[in-house]
Amino acid sequence: RHPTGGSFIRPNKANFGVDFLTAVKDRYGLNGSQDADQGTENTFIIGKKTVEFVGIDSVAEQQRQVQLNQLVDISVCECAVSHAGQKEEISRTCANIRHINLSKNLISSWETVTAIASQLQNLETLNISENKIKFPSTSTSLSSVFSKLRILALNQTEITWTEVLLCAPGWPALEELYLSSNNITVLERPDNVLQTLKLLDLSDNQLLDGNQLHLIAHLPRLEQLILRNTGISSIHFPDVGFGCKTKMFPSLKRLAINDNKISEWSSINELDKLPSLRSLQCHNNPFMDTENNLGTLRQLIIAKISQLQVLNKSEVRDISTNCMEKGAELDYRKIFGNDWLAAGGNWNPEKNKPSEEFLAAHPRYPSLCLKYGAPEEGELKRQQPLTLKNQLLTLTIKCPEKPEQKPVEKKLPDSMTIQRVKGLLYRLLKIPGSELKLSYESSKLEGKEVELDNDLKPLQFYSIENGDCVLVRW
């Protein structure tokens, strides 16, 4: 890597590599070495006569050609491939290949890659990661070499973003591009290239700052962006204010920002501006250390990003009922209710004027108040010491489909799991717990029913409060 660095090695100790087709034949046992060894034994005896097969070598060669032509998906990883071989030899022998893994070889130039790919008209997937390749320094001309290429992996090839853009005109149909561990620090706007891209992996590149993302924010079809361990400390979409959707990353559904340096919740607030975001990975960022309770931390993120469906690879809601989302939003509305009042919030709409500072920290709070109503005074009382008495919930238990069964009032600990509640109801109602289906109606939200669908979760997980009604069906 040093400009004047180098090593001396004896030529007979060096591996100068093999051509692509030789590597394929060696890897898949089609190199004909066994047939060559048996070439002098192509005779056998019938009675007292010796019979010799003539032309068996050519028959074996034809069989090898047929087998090579049937190959569609191949891997010659770590097979010391260094060059394409004789001109047109690949296209004559194995033209049906669609997917190639050429990682960890001895390929030293983009011209070698092109020489191999030009003989494979149906190539869709190409992995040339972990080859130390010299890429073109000028824009490549449009050609049909990579006309059908959809997936390209260039991890650990020392490619720069500038070189990516110089090669990109030759990738007119590319959908997935993997560029991890390439020391990419700065990006440039991809004008008229990479417009078909759906996935971009920039993980393990130390980007200069989060503003670099603005340069790739207008890729129209980009659905997945992987930014793991890129050193970014903040995310900001300055084109719109809170409560509005940005024009940046219009199609982005899945975002991975784990293992970064994001320390402020304001960056999570910004993600609510993304119009299509459904999945987020954000493990190992400093902002997550601001909350000791992982459950509360998860609820805060869910409440801050309105359309989120998957958080850190785990579903955040039942799409049909939205029950987990609702619990997170109700909790968020209560947790920051006193801050809302202190910042100028008020139950009277005409006097409700929370400060800009509060709105910047909690941009979704006004919309949650519109959705569920402003938090009532009883909800905003300071938390009392955690004695058993304070943890008991007074709940009404009804069987809506059995009107003859009178409602029962019970005091239950908020830490009691749904499974234990079912066990209690089994003894109370003489019904097998496995057949029970529980839900609850909030005393503050009439007509809305939330299913208690996870037996391992406690009552407090669903934000059940005193006076709520548990509905029992079987």
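The values are calculated or read from the model by the stated rules, or taken from the named source; none is laboratory data. The structure displayed is predicted, hence computed values, not measured ones. Cβ coordinates were reconstructed from backbone atoms using ideal geometry, including for glycine residues, and neighbour counts include every protein chain displayed. Calculation scope for accessible area: heavy atoms of the full protein, side chains included, ligands and nucleic acids excluded. Shrake-Rupley method; radii C 1.70, N 1.55, O 1.52, S 1.80 Å.
Among the numbered conditions (1) open to solvent by 20 Å² or more (accessible area, probe 1.4 Å); (2) in contact with a strand residue (DSSP E or B) (Cβ under 9 Å, 6 or more places away or on another chain); (3) closer than 23 Å to PRO375 by Cβ; (4) not β-branched (Val, Ile, Thr), tell me where GLU446 comes up short.
The one condition GLU446 does not meet is (2).
Specify which of the listed residues (LYS430, LYS411, LYS422, LYS406) is touching a residue at least 12 places away in the same chain (Cβ under 8 Å) and open to solvent by 50 Å² or more (accessible area, probe 1.4 Å).
LYS411
Provide a single number: the residues in segment 427-454 that are touching a Gly at 6+ places or on another chain (Cβ under 9 Å) and modelled with pLDDT of 80 or more.
3
Against the conditions (1) modelled with pLDDT of 95 or more; (2) surrounded by fewer than 21 Cβ atoms within 10 Å (Cβ to Cβ); (3) more than 22 Å from the chain's Cα centre (by Cα), where does THR157 fall short? Just the number, please.
Of the numbered conditions (1) modelled with pLDDT of 95 or more; (2) surrounded by fewer than 21 Cβ atoms within 10 Å (Cβ to Cβ); (3) more than 22 Å from the chain's Cα centre (by Cα), the odd one out for THR157 is (2).
Just give me the residues in segment 82-99 being closer than 26 Å to THR138 by Cβ and either surrounded by 15 or more Cβ atoms within 10 Å (Cβ to Cβ) or at pLDDT 95 or above (or both), in sequence order.
Correct list: SER82, HIS83, ALA84.
When you look at SER443, is it under 38 Å from the mean Cα position of the chain (by Cα) and of a type in the set (Gly, Ala, Ser), yes or no?
No, not satisfied.
Out of LEU252, LEU308, I need the residue that is crowded, with 16+ Cβ neighbours inside 10 Å, at pLDDT 90 or above and more than 29 Å from GLU441 (Cβ to Cβ). Which one?
LEU252
If you scan segment 337-378, which residues turn out to be in a loop (DSSP other than H, G, I, E, B) and surrounded by fewer than 18 Cβ atoms within 10 Å (Cβ to Cβ)?
Within segment 337-378, GLY344, ASN346, TRP347, ASN348, PRO349, GLU350, LYS351, ASN352, LYS353, SER355, GLY373, GLU376 meet the criteria.
Could you please tell me which pairs satisfy a Cβ distance under 8 Å, a separation of 6+ or placement on different chains, a first residue in segment 220-238 that is more than 11 Å from LEU199 (Cα to Cα), and a second residue that is surrounded by 15 or more Cβ atoms within 10 Å (Cβ to Cβ) and of a type in the set (Lys, Arg)?
GLY231/LYS261; ILE232/LYS261; SER233/LYS261; PHE237/LYS273
Mind checking which strands (runs of 3 or more DSSP E) fall wholly inside segment 103-184 and carry at least 3 residues that are more than 19 Å from ASN205 (Cα to Cα)?
none
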